[in-house]
1. Tally up the residues in the range 83-112 that are touching a helix residue (DSSP H, G or I) at 6+ places or on another chain (Cβ under 8 Å) and not in a strand (DSSP E or B), please.
2. Among the residues of the range 16-30, what is the count of those that are under 14 Å from the mean Cα position of the chain (by Cα), hydrophobic (A, V, I, L, M, F, W, C) and within 20 Å of Asn61 (Cβ to Cβ)?
3. How about the range 61-90: which of its residues are within 15 Å of Tyr12 (Cβ to Cβ) and in contact with a Lys or Arg (Cβ under 9 Å, 6 or more places away or on another chain)?
4. Tally up the residues in the range 63-72 that are among the small types (Gly, Ala, Ser) and buried (at least 18 other Cβ atoms within 10 Å of the Cβ), please.
5. With respect to the numbered conditions (1) among the hydrophobic types (A, V, I, L, M, F, W, C); (2) over 20 Å from Glu25 (Cβ atoms); (3) not in a loop (DSSP other than H, G, I, E, B), which one is the sole condition not fulfilled by Val122?
Amino acid sequence: MSSNATFKQILYVEDSPVNATLIKEYVNHIDGAEITIAVTGEQGVEFAVANPPDLILMDINLPGMNGVDAMNAIRKHGGDLAEIPFIALSADAIDEEIQRAIDAGFDDYLTKPIFFAKLKEVLTHQLSLPTN
C-alpha cells in the first residue's frame, strides 16, 4: 500500500482474480482512494497488520481462513486495527446471511455482483471521500 497520505487506503481480500480486477478498476475511478489486493484471509491479516488500511473490503467465502475469521484476527491486534471499517462482499443475498455478517462485526454488506454506484456510495460514506 502506498504511503501517500492524501489517499485513503483500501485493502480488498478476494480469492477470485476476476472479482479482484473488477473492484480494483472501480476503486481506480474513485477520487482519493487506492487499493491493495490480498488473495487469502491469511494474506489479508498479514497485509493489514503490516500496513493498516483505512477500510477493508472482505469476501466472506474465502478458502482456508474465511472472511469472518480474517476480520476477527485483524481486529484482535487492537489499536487502529480494531476500528477499521469492514465491508463484507458476498454472493449470498439471503437476509439471514447478511444479518449474520453484520452481527459478526461487519460495518456494511454488499452483494455480488457489485455495481460501481453502490460501491462508490459505500466507500464515500465510510471514508468521507469527496462526492464529485
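1. The number of residues fulfilling the criteria is 9.
2. 3
3. Ile84, Phe86, Leu89, Ser90, listed by residue number.
4. 2
5. Result: Val122 fails condition (2) only.
Since every read-out is calculated from the coordinates, none of them should be taken as a lab result. On a predicted model such as this, the values are computed, not experimentally measured, just so you know. Using ideal geometry, Cβ is built from the backbone for each residue, glycine included, and neighbour counts are taken over all protein chains shown.
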